[in-house]
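What follows is a single structure, and I will ask about it in a moment.
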Amino acid sequence: MIIGGSSSQKLAAKVAKELNDQLCPIETRKFPDGERYIRIKGEIEKEVVVIQSTGFPQDENIMELLFILKNLKSLGAEKIKVVIPYFGYGRQEKRFKRGESVSAAAVASLIEDCGASELICINLHEKQMCDFFNIPVHELSAIPLIARHIQEQLENPVIIAPDKGALLHAQKISRILDCPCDHMEKTRLSPDKVETRVKNLDVKGLQAVIIDDIISTGGTIVNATEILMQHGAESVTVGCVHPVLVEDALLKIFATGVEDVLATDTLTSQVSSISVAPLIAEALK
Ligand code: R5P
(Lines give C-alpha, C1' and ligand atoms only; values in the text may rest on other atoms or scores of the structure.)
Protein backbone atom coordinates (compact mmCIF):
# COMPACT_ATOMS: atom_id res chain seq x y z
CA MET A 1 0.00 0.00 0.00
CA ILE A 2 1.38 3.38 -1.06
CA ILE A 3 0.50 6.82 0.23
CA GLY A 4 1.51 9.86 -1.82
CA GLY A 5 1.83 13.07 0.18
CA SER A 6 0.81 16.33 -1.49
CA SER A 7 4.27 17.05 -2.85
CA SER A 8 4.74 13.67 -4.54
CA GLN A 9 1.33 12.50 -5.72
CA LYS A 10 2.20 11.99 -9.39
CA LEU A 11 5.41 10.19 -8.49
CA ALA A 12 3.59 8.01 -5.93
CA ALA A 13 1.04 7.04 -8.58
CA LYS A 14 3.84 6.09 -10.98
CA VAL A 15 5.58 3.99 -8.32
CA ALA A 16 2.29 2.25 -7.47
CA LYS A 17 1.82 1.47 -11.18
CA GLU A 18 5.36 0.09 -11.49
CA LEU A 19 4.76 -2.17 -8.48
CA ASN A 20 1.16 -2.98 -9.32
CA ASP A 21 0.40 -1.89 -5.76
CA GLN A 22 -2.61 0.05 -4.47
CA LEU A 23 -2.60 3.77 -3.68
CA CYS A 24 -4.27 4.70 -0.41
CA PRO A 25 -6.35 7.88 -0.75
CA ILE A 26 -5.68 10.72 1.69
CA GLU A 27 -7.31 14.08 2.24
CA THR A 28 -5.02 16.99 2.94
CA ARG A 29 -6.18 20.57 3.31
CA LYS A 30 -5.68 23.66 5.38
CA PHE A 31 -7.93 25.21 7.98
CA PRO A 32 -8.73 28.91 7.48
CA ASP A 33 -5.93 29.86 9.89
CA GLY A 34 -3.34 27.91 7.87
CA GLU A 35 -3.07 24.80 10.05
CA ARG A 36 -2.93 21.54 8.12
CA TYR A 37 -5.56 18.78 8.16
CA ILE A 38 -4.73 15.17 7.22
CA ARG A 39 -7.07 12.22 6.87
CA ILE A 40 -6.12 8.75 5.65
CA LYS A 41 -9.20 7.48 3.88
CA GLY A 42 -8.28 3.86 3.07
CA GLU A 43 -7.98 0.77 5.25
CA ILE A 44 -4.46 0.60 6.63
CA GLU A 45 -2.31 -2.44 5.91
CA LYS A 46 0.51 -3.64 8.19
CA GLU A 47 3.17 -2.46 5.71
CA VAL A 48 2.83 0.96 4.19
CA VAL A 49 5.04 3.08 1.92
CA VAL A 50 4.80 6.88 2.21
CA ILE A 51 6.27 9.02 -0.57
CA GLN A 52 6.77 12.71 0.14
CA SER A 53 9.46 15.10 -1.04
CA THR A 54 10.22 17.82 1.45
CA GLY A 55 11.06 20.67 -0.91
CA PHE A 56 9.25 24.03 -1.02
CA PRO A 57 7.14 24.71 1.05
CA GLN A 58 9.54 22.67 3.19
CA ASP A 59 7.98 23.22 6.59
CA GLU A 60 4.47 22.38 5.36
CA ASN A 61 5.62 19.26 3.53
CA ILE A 62 7.61 18.05 6.54
CA MET A 63 4.72 18.70 8.89
CA GLU A 64 2.35 16.82 6.57
CA LEU A 65 4.75 13.88 6.42
CA LEU A 66 4.97 13.78 10.23
CA PHE A 67 1.18 13.86 10.57
CA ILE A 68 0.84 11.01 8.06
CA LEU A 69 3.46 8.89 9.86
CA LYS A 70 2.07 9.42 13.36
CA ASN A 71 -1.44 8.77 12.08
CA LEU A 72 -0.42 5.54 10.31
CA LYS A 73 1.24 4.31 13.50
CA SER A 74 -1.84 4.93 15.61
CA LEU A 75 -4.06 3.34 12.94
CA GLY A 76 -2.09 0.09 13.19
CA ALA A 77 0.67 0.20 10.56
CA GLU A 78 3.60 -1.92 11.76
CA LYS A 79 6.20 -1.15 9.12
CA ILE A 80 6.38 2.24 7.43
CA LYS A 81 8.86 2.74 4.63
CA VAL A 82 9.33 6.44 4.01
CA VAL A 83 10.51 7.58 0.58
CA ILE A 84 11.82 11.16 0.54
CA PRO A 85 12.94 11.74 -3.06
CA TYR A 86 14.24 15.24 -2.23
CA PHE A 87 15.28 15.77 1.38
CA GLY A 88 14.69 19.40 2.38
CA TYR A 89 17.13 20.97 4.87
CA GLY A 90 19.72 18.43 3.64
CA ARG A 91 22.21 21.23 3.00
CA GLN A 92 22.25 22.25 6.68
CA GLU A 93 23.85 18.98 7.78
CA LYS A 94 26.47 20.60 9.97
CA ARG A 95 27.11 23.69 12.06
CA PHE A 96 28.92 25.96 9.60
CA LYS A 97 28.96 28.89 12.08
CA ARG A 98 28.86 28.75 15.86
CA GLY A 99 25.31 28.57 17.19
CA GLU A 100 23.68 27.41 13.94
CA SER A 101 20.97 24.76 14.01
CA VAL A 102 21.89 21.44 12.41
CA SER A 103 18.46 21.46 10.82
CA ALA A 104 18.90 18.20 8.89
CA ALA A 105 19.47 16.35 12.18
CA ALA A 106 16.34 17.85 13.71
CA VAL A 107 14.24 16.81 10.70
CA ALA A 108 15.73 13.30 10.80
CA SER A 109 14.80 12.84 14.49
CA LEU A 110 11.25 14.01 13.89
CA ILE A 111 10.75 11.56 11.00
CA GLU A 112 12.09 8.69 13.06
CA ASP A 113 10.17 9.64 16.21
CA CYS A 114 6.91 9.77 14.27
CA GLY A 115 7.24 6.13 13.24
CA ALA A 116 9.37 5.67 10.12
CA SER A 117 10.88 2.16 10.08
CA GLU A 118 13.06 2.60 7.00
CA LEU A 119 14.06 5.50 4.78
CA ILE A 120 14.73 5.65 1.04
CA CYS A 121 16.27 8.83 -0.38
CA ILE A 122 17.76 9.90 -3.68
CA ASN A 123 21.18 11.58 -3.98
CA LEU A 124 21.46 13.19 -0.58
CA HIS A 125 23.50 16.40 -0.72
CA GLU A 126 25.83 15.03 1.94
CA LYS A 127 26.23 11.33 2.78
CA GLN A 128 26.68 12.01 6.52
CA MET A 129 22.94 12.78 6.61
CA CYS A 130 22.47 8.98 6.93
CA ASP A 131 24.20 9.08 10.34
CA PHE A 132 21.38 11.15 11.79
CA PHE A 133 19.09 8.12 11.56
CA ASN A 134 18.99 4.96 13.66
CA ILE A 135 16.68 3.24 11.17
CA PRO A 136 18.03 1.73 7.91
CA VAL A 137 18.64 4.39 5.25
CA HIS A 138 18.99 3.52 1.56
CA GLU A 139 20.37 6.21 -0.68
CA LEU A 140 19.59 5.68 -4.37
CA SER A 141 21.34 7.41 -7.26
CA ALA A 142 19.50 8.91 -10.20
CA ILE A 143 22.78 9.62 -11.98
CA PRO A 144 22.61 6.51 -14.26
CA LEU A 145 19.09 7.57 -15.34
CA ILE A 146 20.43 11.01 -16.29
CA ALA A 147 23.32 9.35 -18.16
CA ARG A 148 20.86 7.31 -20.22
CA HIS A 149 18.96 10.45 -21.26
CA ILE A 150 22.19 12.25 -22.25
CA GLN A 151 23.16 9.21 -24.33
CA GLU A 152 19.83 9.32 -26.17
CA GLN A 153 20.13 13.04 -26.96
CA LEU A 154 23.81 13.86 -27.57
CA GLU A 155 26.43 12.30 -29.83
CA ASN A 156 29.57 14.09 -28.73
CA PRO A 157 29.26 15.02 -25.04
CA VAL A 158 31.84 16.26 -22.56
CA ILE A 159 30.65 16.10 -18.96
CA ILE A 160 31.37 19.11 -16.74
CA ALA A 161 31.16 19.34 -12.95
CA PRO A 162 30.52 23.01 -12.06
CA ASP A 163 32.27 22.49 -8.70
CA LYS A 164 34.25 19.81 -6.88
CA GLY A 165 31.10 18.57 -5.09
CA ALA A 166 29.60 17.47 -8.40
CA LEU A 167 32.77 15.80 -9.66
CA LEU A 168 31.88 12.24 -8.59
CA HIS A 169 28.52 12.50 -10.37
CA ALA A 170 30.17 13.88 -13.52
CA GLN A 171 32.85 11.16 -13.46
CA LYS A 172 30.22 8.46 -13.09
CA ILE A 173 28.34 9.73 -16.15
CA SER A 174 31.53 10.04 -18.18
CA ARG A 175 32.38 6.41 -17.32
CA ILE A 176 28.90 5.22 -18.33
CA LEU A 177 29.04 7.14 -21.62
CA ASP A 178 32.76 6.63 -22.18
CA CYS A 179 33.28 10.32 -22.87
CA PRO A 180 35.57 13.05 -21.42
CA CYS A 181 34.95 14.84 -18.16
CA ASP A 182 36.26 18.06 -16.58
CA HIS A 183 35.48 20.26 -13.62
CA MET A 184 35.41 23.88 -12.50
CA GLU A 185 36.21 25.50 -9.16
CA LYS A 186 33.41 27.35 -7.38
CA THR A 187 33.38 29.67 -4.37
CA ARG A 188 30.04 30.63 -2.87
CA LEU A 189 30.06 34.33 -2.01
CA SER A 190 26.47 34.48 -0.70
CA PRO A 191 23.37 32.22 -0.88
CA ASP A 192 22.64 33.51 -4.40
CA LYS A 193 26.09 34.48 -5.68
CA VAL A 194 28.93 32.21 -6.75
CA GLU A 195 32.31 32.77 -8.36
CA THR A 196 33.55 30.15 -10.83
CA ARG A 197 37.07 29.55 -12.16
CA VAL A 198 38.61 27.07 -14.59
CA LYS A 199 42.10 25.89 -15.48
CA ASN A 200 42.48 24.15 -18.84
CA LEU A 201 39.05 23.48 -20.21
CA ASP A 202 38.92 21.55 -23.49
CA VAL A 203 35.35 21.77 -24.75
CA LYS A 204 35.81 23.35 -28.21
CA GLY A 205 33.29 21.90 -30.65
CA LEU A 206 31.89 19.52 -28.01
CA GLN A 207 28.39 19.23 -26.57
CA ALA A 208 28.99 20.25 -22.96
CA VAL A 209 26.75 18.77 -20.27
CA ILE A 210 26.87 20.38 -16.82
CA ILE A 211 25.96 17.94 -14.06
CA ASP A 212 24.89 18.97 -10.55
CA ASP A 213 22.83 17.40 -7.79
CA ILE A 214 20.73 20.52 -7.16
CA ILE A 215 19.81 23.61 -9.15
CA SER A 216 18.63 26.20 -6.66
CA THR A 217 19.02 29.87 -7.71
CA GLY A 218 20.68 28.80 -10.97
CA GLY A 219 23.81 30.88 -10.27
CA THR A 220 26.14 27.87 -10.48
CA ILE A 221 24.75 26.82 -13.86
CA VAL A 222 24.68 30.34 -15.32
CA ASN A 223 28.38 30.89 -14.47
CA ALA A 224 29.40 27.48 -15.79
CA THR A 225 27.42 27.96 -19.03
CA GLU A 226 29.00 31.35 -19.74
CA ILE A 227 32.49 29.88 -19.26
CA LEU A 228 31.72 26.88 -21.50
CA MET A 229 30.46 29.15 -24.26
CA GLN A 230 33.54 31.40 -23.97
CA HIS A 231 35.63 28.24 -24.41
CA GLY A 232 33.86 27.33 -27.65
CA ALA A 233 31.44 24.58 -26.60
CA GLU A 234 29.10 23.64 -29.47
CA SER A 235 26.13 23.56 -27.06
CA VAL A 236 25.39 23.40 -23.34
CA THR A 237 22.89 21.01 -21.76
CA VAL A 238 22.27 20.70 -18.03
CA GLY A 239 21.54 17.53 -16.07
CA CYS A 240 20.45 17.65 -12.44
CA VAL A 241 18.80 15.37 -9.93
CA HIS A 242 16.81 17.85 -7.84
CA PRO A 243 15.27 20.85 -9.66
CA VAL A 244 14.73 23.11 -6.64
CA LEU A 245 14.55 26.10 -9.03
CA VAL A 246 14.12 29.15 -6.84
CA GLU A 247 12.11 31.98 -8.45
CA ASP A 248 13.30 32.70 -12.03
CA ALA A 249 16.21 30.22 -11.98
CA LEU A 250 15.03 28.51 -15.20
CA LEU A 251 14.62 31.82 -17.00
CA LYS A 252 18.17 32.84 -16.09
CA ILE A 253 19.52 29.46 -17.20
CA PHE A 254 17.77 29.41 -20.58
CA ALA A 255 18.64 33.09 -21.15
CA THR A 256 22.33 32.15 -21.20
CA GLY A 257 21.65 29.89 -24.20
CA VAL A 258 21.34 26.49 -22.49
CA GLU A 259 19.76 24.00 -24.93
CA ASP A 260 17.93 21.86 -22.40
CA VAL A 261 17.69 21.06 -18.70
CA LEU A 262 17.27 17.36 -17.94
CA ALA A 263 16.03 16.99 -14.37
CA THR A 264 14.29 14.23 -12.45
CA ASP A 265 10.87 14.29 -10.84
CA THR A 266 12.11 14.12 -7.24
CA LEU A 267 10.58 17.60 -7.33
CA THR A 268 7.82 18.67 -9.69
CA SER A 269 8.95 21.33 -12.18
CA GLN A 270 8.77 22.36 -15.85
CA VAL A 271 11.94 20.35 -16.55
CA SER A 272 11.27 17.19 -14.50
CA SER A 273 11.36 14.92 -17.54
CA ILE A 274 13.25 11.95 -16.05
CA SER A 275 11.17 9.83 -13.71
CA VAL A 276 12.75 8.22 -10.66
CA ALA A 277 9.68 5.99 -10.26
CA PRO A 278 11.43 2.86 -11.66
CA LEU A 279 14.38 3.47 -9.31
CA ILE A 280 12.12 3.77 -6.26
CA ALA A 281 9.99 0.81 -7.33
CA GLU A 282 13.08 -1.39 -7.69
CA ALA A 283 14.27 -0.41 -4.20
CA LEU A 284 10.86 -1.21 -2.71
CA LYS A 285 10.64 -4.68 -4.27
C1 R5P B 1 26.04 22.95 -4.02
O2 R5P B 1 26.98 22.45 -3.42
C3 R5P B 1 25.12 22.16 -4.88
O4 R5P B 1 25.69 21.01 -5.39
C5 R5P B 1 24.63 23.01 -6.02
O6 R5P B 1 25.73 23.38 -6.82
C7 R5P B 1 23.95 24.24 -5.51
O8 R5P B 1 22.96 23.93 -4.60
C9 R5P B 1 23.40 25.05 -6.65
O10 R5P B 1 22.92 26.24 -6.15
P11 R5P B 1 22.60 27.45 -7.09
O12 R5P B 1 21.70 26.95 -8.17
O13 R5P B 1 21.89 28.42 -6.18
O14 R5P B 1 23.88 28.00 -7.60
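How large, in percent, is the carbon and sulfur part of the accessible surface of the chain at a probe radius of 1.4 Å?
The computed percentage sits at 48.
Now for a different question. Nearest 10 degrees, 0 to 90: what angle lies between the long axis of helix 167-177 and the longest principal axis of the chain (Cα atoms)?
80
Heavy atoms only, probe 1.4 angstrom, no DNA, RNA or ligands counted: give me Glu112, Glu93, Glu247, Glu226 ranked by accessible area, highest first.
Glu247, Glu226, Glu112, Glu93
By how many degrees, between 0 and 90 and to the nearest 10, does the Cα long axis of helix 58-74 differ from the longest principal axis of the chain?
30
Would you list, by chain and number, the lysines whose Cα falls below 20 Å from the Cα of Lys252, excluding same-chain residues fewer than 8 positions away?
Reachable lysines: Lys186, Lys193.
Between the helical axis of 219-230 and the dominant principal axis of the chain, each derived from Cα atoms, what acute angle in degrees is found, rounded to the nearest 10?
Value to nearest ten degrees: 20.
A further question on this structure: Would you mind working out the accessible area per residue for the chain, using a 1.4 Å probe, and quoting it in Å²?
It amounts to 49 Å² per residue over the chain.
Measuring from label point to label point, each 7 Å out along Cα→Cβ, what is the Thr187 to Gln22 span in nm?
The answer from the label model is 6.0 nm.
If you count the DSSP beta bridges with both ends in the chain, what percent of them are antiparallel, to the nearest 5?
Just about 20 percent of them are antiparallel.
In debye, nearest 20: dipole of the chain around its Cα centre with unit charges on the Cβ of K, R (+) and D, E (-)?
440
Can you give the relative contact order of region 135-285 as a percent, counting alpha carbon pairs under 8 Å and 6+ residues apart?
About 21 percent, as a whole number.
The values are calculated or read from the model by the stated rules, or taken from the named source; none is laboratory data. Here the structure is a predicted model, which is why all the values come from computation and not from measurement. Every residue, glycine as well, gets a Cβ built from its backbone with ideal geometry; the counts of neighbours run over all protein chains shown. Surface areas here come from the heavy atoms of the whole protein model, side chains and all, with no ligands, DNA or RNA. Shrake-Rupley method; radii C 1.70, N 1.55, O 1.52, S 1.80 Å.
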